[in-house]
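Engineer: Got a structure for you, questions after.
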Amino acid sequence: MTETALHARKRIEIVVEAKRADDVTELLDRLGATGWTVLPVAQGRGRQGIRQSGDLSGVLDNVLILCIGSAALAERVLAAREELLGARPAIVSVSECQVLRGERFG
Amino acid sequence: MTETALHARKRIEIVVEAKRADDVTELLDRLGATGWTVLPVAQGRGRQGIRQSGDLSGVLDNVLILCIGSAALAERVLAAREELLGARPAIVSVSECQVLRGERFG
Amino acid sequence: MTETALHARKRIEIVVEAKRADDVTELLDRLGATGWTVLPVAQGRGRQGIRQSGDLSGVLDNVLILCIGSAALAERVLAAREELLGARPAIVSVSECQVLRGERFG
Amino acid sequence: MTGLATLFPPPILFFALGFGAGAARADLSIPDALAKTLSLYLMVAIGLKGGAALATPGGAEGLWAALAVGLALSFLLPVPAFGLLRLGTGLDRDTAAAVSGHYGSVSVVTFAAASGILATRGVPAEGFMPAVLAAMETPAILSAILLARLGGGAGGPKLQGGKLAREVLLNGPVVLLLGSFLIGWITGPAGKAQLAPFTEALFPGALCLFLLEMGLMAVRQLRVGGGGLSARLILFALAMPLIGGAAGLAGGLLAGLSPGGVALMAVLGGSASYIAVPAAMRLALPLADPGVYVTLSVAVTFPFNILVGIPLWLRMAGT
Amino acid sequence: MTGLATLFPPPILFFALGFGAGAARADLSIPDALAKTLSLYLMVAIGLKGGAALATPGGAEGLWAALAVGLALSFLLPVPAFGLLRLGTGLDRDTAAAVSGHYGSVSVVTFAAASGILATRGVPAEGFMPAVLAAMETPAILSAILLARLGGGAGGPKLQGGKLAREVLLNGPVVLLLGSFLIGWITGPAGKAQLAPFTEALFPGALCLFLLEMGLMAVRQLRVGGGGLSARLILFALAMPLIGGAAGLAGGLLAGLSPGGVALMAVLGGSASYIAVPAAMRLALPLADPGVYVTLSVAVTFPFNILVGIPLWLRMAGT
Amino acid sequence: MTGLATLFPPPILFFALGFGAGAARADLSIPDALAKTLSLYLMVAIGLKGGAALATPGGAEGLWAALAVGLALSFLLPVPAFGLLRLGTGLDRDTAAAVSGHYGSVSVVTFAAASGILATRGVPAEGFMPAVLAAMETPAILSAILLARLGGGAGGPKLQGGKLAREVLLNGPVVLLLGSFLIGWITGPAGKAQLAPFTEALFPGALCLFLLEMGLMAVRQLRVGGGGLSARLILFALAMPLIGGAAGLAGGLLAGLSPGGVALMAVLGGSASYIAVPAAMRLALPLADPGVYVTLSVAVTFPFNILVGIPLWLRMAGT
Ligand SMILES: Nc1ncnc2c1ncn2[C@@H]1O[C@H](COP(=O)(O)O)[C@@H](O)[C@H]1O
Ligand SMILES: Nc1ncnc2c1ncn2[C@@H]1O[C@H](COP(=O)(O)O)[C@@H](O)[C@H]1O
Ligand SMILES: Nc1ncnc2c1ncn2[C@@H]1O[C@H](COP(=O)(O)O)[C@@H](O)[C@H]1O
Ligand code: NA
Ligand code: NA
Ligand code: NA
């Protein structure tokens, strides 16, 4: 039965300025994430208004960081809320997912 | 207890032609979304067959629009179904998520 | 009532090397997926350490493949686990979502 | 060797290289940003050169007749194209109208390749032809919309007036070509001297690189979009450039152009748009299938024109 | 025609074309990678040229005075800017400090446009001005940080020492300009001869393409960020380049520069950074609003300098 | 100054600038699309030049001997590399085989840098060397696969025949180099004259920009991938280019090349691939660690060759 091959994990999604992405990934590393993926963002709107990527200084570029990990990791990330928010992320969202090969997502 | 820091929200994901992305984001703005994020798409397949980004006219480029908002926003988006479908999105999907600082996602 | 417009589907998310993306999408095609979307990845970390996109050979580029389909499709994908893992994906994750126009996502 | 080199000048050979590499599935690709950059570069270079030519004494002689012919070709060629498609291929009305718009309009790179070959052979042509090129971009779009409307097409989602008008009148290639043309005309010989290393010395090399990419792109699009094309549609995409080219040849003679100018007019008539018109059609005729018109234009007609059309019209025009 | 061409040289016309196309919402866009490439190219070309000029006999004459003037302008101009912003516009302290840093610092493209025009007109200028340009990038950043600190600003998240120092001292434009300058100086006339087709022959064309993009970018940023700007802020972004330019003019005269050099010093004084300083401010003053400083610099002051500032300072300097 | 400039020509200095800026973590980056564009440009320019040289009378003299030496070097150099890696570093069989393939094959940019320096110094070299470069790309890939197979490696997922054959025989650099070489040969002096401003006048500048980027890229890759390298692996990546270079030197003498040709053959022998081979190895030996081979090749051996190898072989060859 294939269902048993799946393991419940948390899917953490963070939108943050490209120039601060390192702060977030370093924090994830420190909290024991086994990995993360950074996706480029073309454009976005939020409290700062529209942020259009591609300005020459790069200050208006955002990225989306996706990190899949255990519920315990998600707990640690939320517990480090102060430090995480220091990188000024626009969005920190957590959702449920199920992964193949759970041992890869400590 | 960190769990209490999280607030349930909806995660709306829309895949649409890059040339029609404005129609979707303008609709989201009008319906009261507090923000949205546009991700570039490299390639896709659907009912039109394969759409490979990068043709010189740009008509085969798609984007993925991510909008996190309240259940009420998601309701309004679905209620505006006719107008939304006017932009000819390929996918409109809604899932559950939990966010830090719920006040940011009206 | 708009809720009734939504149909439960599975959201399959796969991170894989750009050079092997075709293997994954061909498998999805064969298993009856009605479509998929490939997003570019800027950077990632996993068991191989950091993979920074943009090296001249392209071997360090990853992509994220998103495929929305029926529970039956997700079952078939997981059942083809051996073949899927042959493309050496880093992540295979499945989550729940609800879509407009369910007939489009066999 | 020299004979071979005249028959197959470097840009054509680079196109063949790209097409061959793509067909053999070689692991060769060109960044999208480079293709877009080269396309912008060609438009700016062609525009500047044309404008500067117009500013030379006597440079405007024959301009109006050529413009009139170009406008007429662009406006009228969609009609036979539409007829052929509806009667011969069974394509739905909206897609047929959209495709026909592409064949009335023109391709900047095809024009650039033909100009490059004329320059290599030392055959002169009227300097204002870039203005004719720019003038021919748009009328075909209007024809296509009219063809779709007559008889109830263009249904579905209602037209978005503002956006559409922008795509039609202010599409990128037209603005860039006309703008550069104007700048070339305003700044005249002084501007030309200053910009020549950019617009002229680099032109042949940039054209080679771009045609390499166009070869790769044609195969790629054939692969992803070719499955949806019937044999009849492919036949159309090979026949229509002959019809358009013959009309251009006749029009060029009618306008009293030099042999080089006649050749270019034939090339314009036979070429099909793949930048301006797809973008406009996507908004004007949203029910038309972009896979069909992009694939026919980029992956069938463009290669045909590079390999067959240009040599044919150059010879027919007596250059 | 020639008169018109002198008043409006090609780069300025391409800027106007980009701005006009953007304002009319034409469907014209330039790949981000091209804009970044052209910006890198201009820095390398300007740096190499300046270094080679310094290596010629007598090339260093007047260098130290000009550097001193440049450093002083960059360090001091943020003070009146900050005063105007705080008293006249009610901008918060951090954002006001960040904006003022942009106006003390300089814009490479504005400098490039002015140099290009001088070259076209055959007006000589001190070859070491690129070194002055590089020297003026950074001091204004320090001023801005000081202005924010005095009186309790720069609160919020604590400063990240290492990252910030890198952005300030090792920001891209400074490293690239100074590095290329050094390489130009080391390799002297031999290097110059070898690289001239790249750094000199292409320069006018590359500048045109880049200004086209800057015109499009200015409108785009005005559209997305302009809503957040009060009339007073816009007035500031038009007045401050006049103040900075006048200070640069005076400084250039004080340093005993040639008319061409005085004009360039005025252009530098009046220009505002939009590459190095935004990046540094984002780290140094994270509470400042990047939408305000990017928009003022790119979308208001840059166009103003291209269309009004450069012609004004060239005329005032007697070139 | 001139002495310094001969020792450190502009491309080398730009490499040092990029490496230094990267090491100091300066906020400088180059768009990926630009790096890829410059890499394509260098291949096209080198290929065209080589083909045109072959088309000149007497241009083919010595070609076959040089090709034979190049093929032999590429096929055989992986053997000592594999031995050193297995005995000296304890690297697993698949990764060792993959790495050894990189060192048998060649680096286009290293070749370009050496050619550029020879050109600056006015030292002639056989015009057909680009064909040797192209010929040396592939045999090492076959050797690497054989080395992995002998003794049971290359296990794991089964080989994908078709894809692999494409990567090996039709990898991008080989197709582009050989294709451009062929085009240069077909179009001969006429093509050369037409394309010279693109392929020759721009070459030194484009090389500088690309080496700037390679410097940045080397540090970046060292940072993300360097942690996984043992001291012994790094030693290998410094020693192997000396072995390969010495073998190339001997081979060049054996083939009776001119001093310039001998120097280039040594540079080819000592260089390591980082475009064609990584892509092929990823498919042929999927269990090998790409972090190891990409990092060794791009971040250790490439800088070593630019700063030490090229000057060494140029001197040893007596140029
Ligand atoms: N509700 C939202 N849904 C999706 N993305 C958002 C949302 N709010 C903000 N963002 C993203 O976060 C970026 C920065 O937000 P802000 O700092 O609020 O301007 C925006 O440009 C968007 O890309
Ligand atoms: N089932 C699906 N899962 C993920 N993406 C899809 C799916 N169906 C369509 N898409 C995306 O939507 C685009 C347009 O779809 P279509 O209009 O059906 O051709 C495709 O190119 C894909 O990027
Ligand atoms: N836990 C994770 N969460 C998100 N992305 C991951 C995770 N693990 C690996 N990845 C992605 O998968 C890529 C390859 O992983 P690996 O093969 O383990 O090095 C990484 O570069 C990341 O982009
Ligand atoms: Na036509
Ligand atoms: Na200033
Ligand atoms: Na080698």
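Engineer: Considering each of F:Ala16, F:Ala112, F:Ala24 in turn, give the residue that is without any contact (Cβ under 8 Å) to a residue 60 or more places away in the chain and hydrophobic (A, V, I, L, M, F, W, C).
Structural biologist: Unique residue meeting the criteria: F:Ala24.
Engineer: So B:Val59 clears everything in (1) in contact with a Lys or Arg (Cβ under 7 Å, 6 or more places away or on another chain); (2) more than 23 Å from D:Lys163 (Cα to Cα) except one condition, right? Which one?
Structural biologist: (2)
Engineer: Within the range E:267-288, track down each residue that is out of contact with any Leu (no Cβ under 7 Å at 6 or more places or on another chain), in a loop (DSSP other than H, G, I, E, B) and within 7 Å of chain A (Cβ to nearest Cβ).
Structural biologist: E:Pro286
Engineer: Looking only at the range A:72-100, filter to residues that are free of Cβ contacts under 8 Å to residues at least 24 places away in the same chain and surrounded by 15 or more Cβ atoms within 10 Å (Cβ to Cβ); which one of those is farthest from the chain's Cα centre (by Cα)?
Structural biologist: A:Glu75
Engineer: Any residue in the range C:25-39 that's closer than 13 Å to B:Gln52 by Cα: show its pairings with residues that are more than 11 Å from ligand 2 (Cβ to nearest atom) at Cβ separation under 8 Å, as long as the two are six or more apart or on different chains.
Structural biologist: So the pair list comes out as C:Val38/C:Ala21; C:Val38/C:Val63; C:Val38/C:Leu64; C:Leu39/A:Leu39; C:Leu39/B:Leu39; C:Leu39/B:Pro40; C:Leu39/C:Val63; C:Leu39/C:Leu64.
Engineer: Can you tell me which residue is farthest from the chain's Cα centre (by Cα) among those in the range E:9-21 that are buried (at least 22 other Cβ atoms within 10 Å of the Cβ) and under 23 Å from D:Lys163 (Cα atoms)?
Structural biologist: Out of the qualifying residues, it is E:Ala21.
Engineer: Quick one: count up the residues across the range E:188-201 that are crowded, with 22+ Cβ neighbours inside 10 Å and in contact with a Gly (Cβ under 8 Å, 6 or more places away or on another chain).
Structural biologist: 4
Engineer: Can you run down the residue pairs with Cβ atoms below 8 Å, 6 or more apart or on separate chains, where the first is in the range D:120-146 and within 14 Å of chain F (Cβ to nearest Cβ) and the partner is of a type outside the set (Phe, Trp, Tyr) and more than 16 Å from ligand 5 (Cβ to nearest atom)?
Structural biologist: Every condition considered, the pairs that remain are D:Thr120/D:Pro9; D:Thr120/D:Pro204; D:Thr120/F:Ala190; D:Thr120/F:Gln194; D:Arg121/D:Thr6; D:Arg121/D:Thr319.
Engineer: Restricting to the range E:3-49, give me the number of residues that are farther than 21 Å from D:Gly172 by Cα, of a type in the set (Phe, Trp, Tyr) and assigned to a helix (DSSP H, G or I).
Structural biologist: So the count comes out to 1.
Engineer: Take the conditions crowded, with 24+ Cβ neighbours inside 10 Å, closer than 22 Å to D:Leu296 by Cα, at pLDDT 95 or above and not aromatic (Phe, Trp, Tyr) and apply them to D:Thr110. Does it pass?
Structural biologist: yes
Engineer: Can you find a residue in the range F:59-66 that is closer than 25 Å to F:Gly261 by Cβ and buried (at least 22 other Cβ atoms within 10 Å of the Cβ)?
Structural biologist: Checking the range F:59-66: at least one residue is closer than 25 Å to F:Gly261 by Cβ and buried (at least 22 other Cβ atoms within 10 Å of the Cβ).
Engineer: Related question: Looking for whichever is within 14 Å of chain D (Cβ to nearest Cβ) and surrounded by fewer than 21 Cβ atoms within 10 Å (Cβ to Cβ) here; the options are E:Thr56, E:Thr6, E:Thr37, E:Thr89. Which one fits?
Structural biologist: After ruling out the rest, the residue left standing is E:Thr6.
Engineer: Counting only residues that are closer than 15 Å to D:Met136 by Cα and either more than 8 Å from every other protein chain (Cβ to nearest Cβ) or without any contact (Cβ under 8 Å) to a residue 60 or more places away in the chain (or both), how many does the range D:168-198 have?
Structural biologist: 9
Engineer: If a residue must be touching a strand residue (DSSP E or B) at 6+ places or on another chain (Cβ under 6 Å) and within 26 Å of A:Ala8 (Cβ to Cβ), how many such residues does the range A:33-68 contain?
Structural biologist: 11
Engineer: Does F:Ala125 count as closer than 30 Å to E:Thr187 by Cα, among the small types (Gly, Ala, Ser) and assigned to a loop (DSSP other than H, G, I, E, B)?
Structural biologist: Criteria met by F:Ala125.
Engineer: While we're looking at this one, here's another question. Is there a residue in the range F:251-260 that is away from ligand 4 (no atom under 16 Å from the Cβ), within 14 Å of chain C (Cβ to nearest Cβ) and either without any contact (Cβ under 8 Å) to a residue 60 or more places away in the chain or assigned to a helix (DSSP H, G or I) (or both)?
Structural biologist: No, the range F:251-260 contains no residue that is away from ligand 4 (no atom under 16 Å from the Cβ), within 14 Å of chain C (Cβ to nearest Cβ) and either without any contact (Cβ under 8 Å) to a residue 60 or more places away in the chain or assigned to a helix (DSSP H, G or I) (or both).
Engineer: Given the structure, is D:Gly104 within 19 Å of D:Leu283 (Cβ to Cβ), touching a residue at least 40 places away in the same chain (Cβ under 8 Å) and not polar (S, T, N, Q)?
Structural biologist: yes
Engineer: So, one more: Looking only at residues that are more than 22 Å from A:Gly69 (Cα to Cα) and within 16 Å of ligand 2 (Cβ to nearest atom) in the range C:1-17, which one is surrounded by the fewest Cβ atoms within 10 Å (Cβ to Cβ)?
Structural biologist: Residue satisfying both the conditions and the ranking: C:Ala8.
Engineer: Here's another thing I want to ask about it. Here are some residues: F:Leu195, F:Leu84, F:Leu150. Which one is away from ligand 2 (no atom under 16 Å from the Cβ) and within 27 Å of F:Ala299 (Cβ to Cβ)?
Structural biologist: The unique qualifying residue is F:Leu84.
Engineer: While we're on this one: For the range B:24-52, enumerate the residues that are buried (at least 20 other Cβ atoms within 10 Å of the Cβ) and among the charged types (D, E, K, R).
Structural biologist: B:Arg45, B:Arg51
Engineer: Might you check whether a residue that is touching a Pro at 6+ places or on another chain (Cβ under 6 Å), closer than 22 Å to B:Ile12 by Cα and within 15 Å of ligand 1 (Cβ to nearest atom) occurs anywhere in the range A:83-106?
Structural biologist: There is no residue in the range A:83-106 that is touching a Pro at 6+ places or on another chain (Cβ under 6 Å), closer than 22 Å to B:Ile12 by Cα and within 15 Å of ligand 1 (Cβ to nearest atom).
Engineer: State whether the residues of the range D:208-221 include one that is more than 16 Å from D:Leu42 (Cβ to Cβ), within 14 Å of chain F (Cβ to nearest Cβ), in contact (Cβ under 8 Å) with a residue 40 or more places away in the chain and not basic (Lys, Arg).
Structural biologist: yes
Matching residues to (1) within 17 Å of the chain's Cα centre (by Cα); (2) among the aliphatic types (A, V, I, L, M):
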position	(1), (2)
E:Leu211	yes, yes
E:Met217	yes, yes
E:Arg220	no, no
E:Met240	yes, yes
E:Gly244	yes, no
E:Gly256	no, no
E:Gly270	yes, no
E:Leu287	no, yes
E:Pro303	yes, no
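Engineer: If you check D:Ser271 against the conditions, is it over 27 Å from D:Ala135 (Cα atoms), away from ligand 6 (no atom under 16 Å from the Cβ) and hydroxyl-bearing (Ser, Thr, Tyr)?
Structural biologist: Spelling it out, it is not the case that D:Ser271 is over 27 Å from D:Ala135 (Cα atoms), away from ligand 6 (no atom under 16 Å from the Cβ) and hydroxyl-bearing (Ser, Thr, Tyr).
Engineer: Kindly indicate whether any position in the range E:306-315 is more than 16 Å from ligand 2 (Cβ to nearest atom), of a type outside the set (Val, Ile, Thr) and either within 29 Å of E:Ala165 (Cα to Cα) or part of a loop (DSSP other than H, G, I, E, B) (or both).
Structural biologist: The answer is no; no qualifying residue exists.
The values are calculated or read from the model by the stated rules, or taken from the named source; none is laboratory data. Remember, predicted model here, so these are calculated numbers, not experimental data. FYI the Cβ positions are ideal-geometry reconstructions off the backbone, even for glycines, and counts take in every protein chain you see.
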